[in-house]
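Have a look at the structure below, then the notes.
None of the figures in this text is laboratory data; all of them are computed from the coordinates on show. All values reported here derive from a predicted model rather than from experimental measurement. Don't worry about glycine lacking a Cβ; one is built from the backbone with ideal geometry, like all the others, and counts go over all protein chains shown.
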Amino acid sequence: MSNPKQLNGRYQTLRGMRDILPEDAAAYRKVEAAFWSAARAHGFFEIRTPVLEPTELFTRSVGEASEIVRKEMYTFNDRSDNPVSLRPEGTAGVARAYVEHGMKTLPQPVKLAYCGNMYRYERPQAGRFREHEQFGLEAFGSADAATDAQVILACWQVLAALDLPDLSVQVNSLGGTDSQKKIRRLIVDTVTPHQERISDDAQRQLKENPLRILDTKDAATREVVEQIPPLVDQLTTDDREHLTAVLEYLEQADIPYELNPHLARGFDYYTRTVFEIWGTAGAAASLAGGGRYDDLIRQLGGTDTPAVGAGCGIYRIVEALKAKAGQRSFLAGPQVYLIQLGNDAKRHAFELLAELTAAGISVTAAFGKEGIRTQLRQADKLGVALALIIGQKEAMDSSIIVRDMSSGMQETVPLKRVLEEVQDRLPKDVGPSS
RNA sequence: GUGGCUGUAGCUUAGUGGUAAAGCGCCAGUUUGUGGUACUGGAGAUCGGGAGUUCAAUCCUCCUCAGCCACCCCA
């Protein structure tokens, strides 16, 4: 409908989509590495599921009435006219895979980790895009509170490993199936008499998903919400004990948490424990969120299986990382710059390139450039540790100049010995990231 | 989906009702084969797109698209 060419006839990314440039990509790597390391430490196995799923998978799991399903899904009919959607979140697909592949026959709990792009057709805003990368953990087949705590712990450890300041873990319980009914009833009964005072959004929520009213930002609505009696009192004894146990485990692991009775989540499938981890920007940029979903597997056609999981937004974590005082770039450029002067030298240089790269050394060269000054200048800008200079003279007697870029000291060595000379002089601990 | 602000070279910005500047970056050079400083030159903008008003619009009006911010919601 709209013209795809916006920038003077050139193409640009779709709304809410963005290129992740090398600088940020390096930070993503860093975060992903921290995640996989924690996932491995906690015994989670990687799973990769499709980006595209039948639309019904999400309407069933995330919820027909949820904001996400109502207006934020990329939904369309494929060429066979089947309604399909880009995944708006990760849990549904993993849960589907658990059922589809009969993972109930594996030793329980089955612990799965994933990392991938999620899609939501929203209005872009700070920390929110239409495509975003998320990593997550899901544990199926354990109803134990310790499993809830382990998922929270794992997320916490990822963020802590990245040394993010001022993290805050928010925990609440929405109750199991029975208590949740009572809680919804209580909210509706308390708020309804004050309907005129609450916002339009809240009135809609009251009908569609009363739990959502809990975290309203509207001042007037908030006042009404404050009148709701403590929800903890509505929990069944089992639910209350479960919550208490989760909190006790968190304490044991030294995780500073806050019991937040206003915490609710936008997916309908949550039962009992829900949690979020906030960074310095508070609720406005929750870095991670998740909870227990004991009914989901059955709703998706599997046998009754308790489960708990979490998802974390990588870009938000990257933002928090970059905001840290004195944070340096994670970009790792090449270590060695190959300077060649003249055609003979260029041939030798190319041979050398093959040899050094095969040995795992990160080498770069600008073969189109001539002139030593230009090439040195570029080597400097790239911040390489060493420059290797080969000109006519060196090409003739099979030698090469090894120049240390920070000290300016250089030495001519036989071509045959370059590899070891380079290996000797490169800082050992600093390798290319990845 | 709702509301507010914004839109000039790759980036950050200046500017005028008569078709545009600067800094950074990029490219090339500053007599001999050596960088980080300095200097010189060059490339690069249909002033987001479209329509309108006008003799004339980058500058005025409208529409549209995009970006930013907030709400809804979420990572």
Any idea how far the Cα center of the range A:158-211 sits from the one of the range A:26-85, in Å?
23 Å
Given H placed on each backbone N at 1.01 Å, which residues far from A:Gly176 in sequence or on other chains put an amide H within less than 5 Å of it?
A:Thr236, A:Arg272
Around A:Lys369, what is the net charge, scoring Lys/Arg as +1 and Asp/Glu as -1 over all other residues with Cβ under 14 Å from its Cβ?
+2
Length gained when the stretch A:Asp344-A:Asp238 is fully extended (0.36 nm per residue, less Cα-Cα span)
30.1 nm
Net lengthening on full extension, A:Ser406/A:Glu351 (0.36 nm per residue, minus Cα-Cα):
17.2 nm
Order A:304-316, A:47-59 from most to least packed using the mean count of other Cβ atoms within 10 Å.
A:304-316, A:47-59
The orientation-averaged projected area of the Cα convex hull of the range A:336-425, in nm², is 5.0 nm²
Whole-Hz ³J(HN,Hα) from phi, Karplus 6.51 cos²θ - 1.76 cosθ + 1.60, for the range A:406-413, glycine and proline x
7, 8, x, 6, 9, 8, 8, 10
Run the reach check for A:Lys381 against lysines, Cα to Cα strictly under 17 Å, same-chain hits fewer than 8 apart removed. What comes back?
A:Lys369
Given the convex hull over the Cα atoms of chain A, what projected area results after averaging over all orientations, in nm²?
28.0 nm²
For chain A, longest principal axis from Cα atoms; helix A:237-252 axis from its Cα atoms; angle between them, nearest 10 degrees, is 30 degrees
With -39,500 (n - 2.57) per DSSP H segment of 4 or more residues and division by the full residue count of chain A, the 222 nm estimate, nearest 500 deg cm²/dmol, is -11000 deg cm²/dmol
Quick one: work out the % antiparallel among DSSP beta bridges in chain A, nearest 5.
80 percent
Would you pull out the residues with amide H under 5 Å of A:Ile339's amide H, same chain only if 5 or more places away, H placed 1.01 Å from N?
A:Leu388, A:Ile389, A:Ile390
Taking the DSSP beta bridges in the range A:336-425 as the whole, what percent of them are antiparallel, to the nearest 5?
55 percent
Per residue of the range A:82-99, what does 6.51 cos²θ - 1.76 cosθ + 1.60 with θ = phi - 60° give for ³J(HN,Hα)? Whole Hz please, x for Gly and Pro, Karplus curve as stated.
8, x, 10, 9, 6, 5, x, 7, x, 5, 4, x, 5, 5, 4, 5, 4, 6
Students often check this: by mean Cβ neighbours within 10 Å, which of A:325-333, A:230-238 ranks highest, and how do the rest follow?
A:230-238, A:325-333
Just subtract the alpha-carbon distance of A:Ala366 and A:Arg70 from 0.36 nm times their residue separation and send over the number in nm, one decimal.
101.3 nm
Convex hull volume of the range A:19-153 per residue (C-alpha atoms, cubic angstrom):
142 Å³
At A:Ala332 and A:Phe45, where each label point lies 7 Å from the Cα along Cα→Cβ, what is the point-to-point distance in nanometres?
2.9 nm
Neighbour-count ranking for A:His194, A:His132 (other C-beta within 10 angstrom, fewest to most) reads A:His194, A:His132
Taking the Cβ of A:Glu64 as the center, what net charge do the other residues with Cβ under 14 Å away carry, scoring Lys and Arg +1 and Asp and Glu -1?
-1
The relative contact order of the range A:336-425, taking Cα pairs under 8 Å that sit 6 or more residues apart, comes to a percentage of 30 percent
log₁₀ of I(q)/I(0) at q = 0.10, 0.15, 0.21 Å⁻¹ - the range A:200-324, Debye sum with one point per alpha carbon:
-0.39, -0.90, -1.42
Which residues does a label at A:Arg373 reach in the range A:336-353, if reach means a backbone N under 17 Å from a point 7 Å past the Cα toward the Cβ?
A:340-342
Protection proxy (average C-beta count within 10 Å per residue), highest first, orders A:30-40, A:169-179, A:392-402, A:85-95 as A:85-95, A:169-179, A:30-40, A:392-402
